[in-house]
Amino acid sequence: MTLLSADLIDPDDISRPNGQFLGFPYSLEESQIVFFPVPWDATTSYGAGTAQGPQAIIDASVQLEPTDFHVPQVWKIGHHTIAPNEKIRAKNDKMRQLAKQIIAYQEAGGTCQDKQIQPDLEVINNASENLNQWVYEQTSALLQQNKLMGLIGGDHSVPLGLMKALINQYGEYGILQIDAHADLRKAYEGFTYSHASIMNHVIQLPRISNLVQVGLRDFSQGEIETAKADKRIFWFTDWKLKEKAYQGYIWQDQCQDIVACLPNQVYISFDVDGLSPEFCPNTGTPVPGGLDFNQALYLIEMLVKSGKQIIGFDLCEVSPNPNNSNDEWDANVGARVAYKLANLMFASQPS
């Protein structure tokens, strides 16, 4: 008799590094959940390093327990990790260096409209567009195999292709975004596909029914106006969440308010800077305030308990400590968020 990979897993044994999330032995064919890493942070505007996030998360994940309080025998589901694409990583490194020059030019007094930087901007914008198309094609092929997808970034610009692919697979859906930033700029620093403009591109896609943004605490005037003008966009800013908590409004009730704004099919876009910076001190654009780790996971749990279906997710902006390669805190937190999102996504599927 041939043993399945699930039969070979002892949940009480150690996890052994093998390039897979949590050291699982599952092949793509026998897995229900697929982690798709995208090592790209070309347009990062502050702290760099999120392109290293996917590999750091995979490496740190072997310290996790395969059990999950909310999903019984979750190690039997079948989790497979696509290897980070080295060509994408190498292309990112080149684009990142070019982007740094463009940003430095603007910080010195130039503007993104100046003629002398247009050729370089075009190179980066074309590379970002190609990256989006690559993600779309790769994830479309996996979705057609009936896989549940979790994209691991990289900066927050990278999941656009997956969100586009999910429309083909599921039709209309809504988005729950946990983030310190609204990401509704039309472009930023001249970069059309900036991490700061991902949601502006998303709301241009057909069949996105609504966008519920939670934990916001850093946004531009233009983003405020965009949100006010679009009835599909719901803001739950960090200030309002905290104000209600100070007035005695418990988190369970606030979560119910958030979940009520979402349709039956939901995509989760989780920027790790939506958490308090103590959980992600090396993320690219940290902002004081934010959600507690368990607050965020409780919100996802409430979403599942409401009967809504999670059709996919991304986790972005995890960055390793650039000054200490032995510091896995950010990656450890990221791995735990990714594993919980994947398992609750599985638990939300119709029986």
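So Ser194 clears everything in (1) among the polar types (S, T, N, Q); (2) more than 17 Å from the chain's Cα centre (by Cα); (3) not in a helix (DSSP H, G or I) except one condition, right? Which one?
The one condition Ser194 does not meet is (2).
Does at least one position in region 284-300 carry a residue that is modelled with pLDDT under 95, within 19 Å of Gly153 (Cβ to Cβ) and among the β-branched types (Val, Ile, Thr)?
The answer is yes; a qualifying residue exists.
Anything in region 8-29 that is in a loop (DSSP other than H, G, I, E, B), at negative phi and touching a strand residue (DSSP E or B) at 6+ places or on another chain (Cβ under 8 Å)? List them, or say none. Write out each step before concluding.
Taking region 8-29 first, the residues in a loop (DSSP other than H, G, I, E, B) are 9-20, 24-29.
Checking the rest, the ones that are also at negative phi come to 9-18, 20, 24-29.
Those that are in a loop (DSSP other than H, G, I, E, B), at negative phi and touching a strand residue (DSSP E or B) at 6+ places or on another chain (Cβ under 8 Å): Gln20, Phe24, Tyr26, Ser27, Leu28.
Count, please, the residues in region 74-103 that happen to be of a type in the set (A, V, I, L, M) and surrounded by fewer than 12 Cβ atoms within 10 Å (Cβ to Cβ). Please lay out each step first, then the result.
So the first thing to find is which residues in region 74-103 are of a type in the set (A, V, I, L, M), and the list is 74, 77, 82-83, 88, 90, 95, 98-99, 102-103.
Narrowing further to those that are surrounded by fewer than 12 Cβ atoms within 10 Å (Cβ to Cβ): 83, 90.
Number of matching residues: 2.
Listed residues Leu341, Leu315; which is closer than 18 Å to Ala51 by Cα, buried (at least 18 other Cβ atoms within 10 Å of the Cβ) and touching a strand residue (DSSP E or B) at 6+ places or on another chain (Cβ under 6 Å)? Before the answer, list the steps.
Details: Leu341 fails: closer than 18 Å to Ala51 by Cα.
Exactly one residue qualifies, and that residue is Leu315.
Output the residues belonging to region 41-64 that are surrounded by 24 or more Cβ atoms within 10 Å (Cβ to Cβ) and among the charged types (D, E, K, R).
Asp41 - this is the single residue of region 41-64 that is surrounded by 24 or more Cβ atoms within 10 Å (Cβ to Cβ) and among the charged types (D, E, K, R).
For Gly190, all conditions in the list (1) touching a helix residue (DSSP H, G or I) at 6+ places or on another chain (Cβ under 8 Å); (2) among the small types (Gly, Ala, Ser); (3) closer than 23 Å to Thr50 by Cα; (4) free of Cβ contacts under 8 Å to residues at least 40 places away in the same chain hold save one; what is the number of the exception?
(4)
State yes or no: is Gly312 under 16 Å from Asp59 (Cα atoms), at pLDDT 95 or above and in contact with a Leu (Cβ under 9 Å, 6 or more places away or on another chain)? Give the steps one after another, and end with the answer.
On the way: under 16 Å from Asp59 (Cα atoms): no; at pLDDT 95 or above: yes; in contact with a Leu (Cβ under 9 Å, 6 or more places away or on another chain): yes.
No.
Which ones in region 120-162 are in a helix (DSSP H, G or I) and of a type in the set (A, V, I, L, M, F, W, C)? Break it down into steps so the answer makes sense when it comes.
Initially, region 120-162 is screened for residues in a helix (DSSP H, G or I), giving 120-143, 160-162.
The answer is Leu121, Val123, Ile124, Ala127, Leu131, Trp134, Val135, Ala141, Leu142, Leu143, Leu160, Leu162.
Would you please list the contacts, defined by Cβ atoms under 6 Å and residues six or more apart or on different chains, that run from a residue in region 201-214 that is on the phi > 0 side of the Ramachandran plot to a residue that is assigned to a loop (DSSP other than H, G, I, E, B) and among the charged types (D, E, K, R)?
Arg207/Glu172
Examine region 236-248 for a residue that is surrounded by fewer than 23 Cβ atoms within 10 Å (Cβ to Cβ), assigned to a helix (DSSP H, G or I), touching a residue at least 12 places away in the same chain (Cβ under 8 Å) and among the basic types (Lys, Arg), and state whether such a residue exists.
yes
Only one of Glu65, Glu86 is of a type in the set (D, E, K, R) and either in contact (Cβ under 8 Å) with a residue 12 or more places away in the chain or closer than 21 Å to Gln32 by Cβ (or both); which? Before you say what the answer is, go through the steps one by one.
Details: Glu86 fails: either in contact (Cβ under 8 Å) with a residue 12 or more places away in the chain or closer than 21 Å to Gln32 by Cβ (or both).
Every option except Glu65 fails the conditions.
Quick check: anything in region 79-98 within 20 Å of the chain's Cα centre (by Cα), of a type in the set (Gly, Ala, Ser), closer than 21 Å to Ser197 by Cα and in a loop (DSSP other than H, G, I, E, B)?
Among the residues of region 79-98, not one is within 20 Å of the chain's Cα centre (by Cα), of a type in the set (Gly, Ala, Ser), closer than 21 Å to Ser197 by Cα and in a loop (DSSP other than H, G, I, E, B), which makes the answer no.
Can you tell me which residue within region 300-309, out of those that are in a helix (DSSP H, G or I) and in contact with a Leu (Cβ under 8 Å, 6 or more places away or on another chain), is surrounded by the fewest Cβ atoms within 10 Å (Cβ to Cβ)?
Once the filter is applied, the top-ranked residue is Glu301.
Tell me the residue from Val266, Val287 that is buried (at least 23 other Cβ atoms within 10 Å of the Cβ) and in contact with a Lys or Arg (Cβ under 6 Å, 6 or more places away or on another chain), please.
Matching residue, one of Val266, Val287: Val266.
For the subset of region 104-119 comprising residues that are in contact with a Phe, Trp or Tyr (Cβ under 9 Å, 6 or more places away or on another chain) and in a helix (DSSP H, G or I), which member is surrounded by the fewest Cβ atoms within 10 Å (Cβ to Cβ)?
The selected residue is Gln116.
If a residue must be part of a loop (DSSP other than H, G, I, E, B) and hydroxyl-bearing (Ser, Thr, Tyr), how many such residues does region 43-61 contain? Walk me through it before giving the result.
Looking only at region 43-61, we keep the residues that are part of a loop (DSSP other than H, G, I, E, B), and these are 43-49.
Still in the running and hydroxyl-bearing (Ser, Thr, Tyr): 43-46.
Going through region 43-61 one residue at a time, the tally reaches 4.
The values are calculated or read from the model by the stated rules, or taken from the named source; none is laboratory data. All values reported here derive from a predicted model rather than from experimental measurement. Here Cβ is always computed from backbone atoms with ideal geometry, including for glycine, and neighbour counts include all displayed protein chains.
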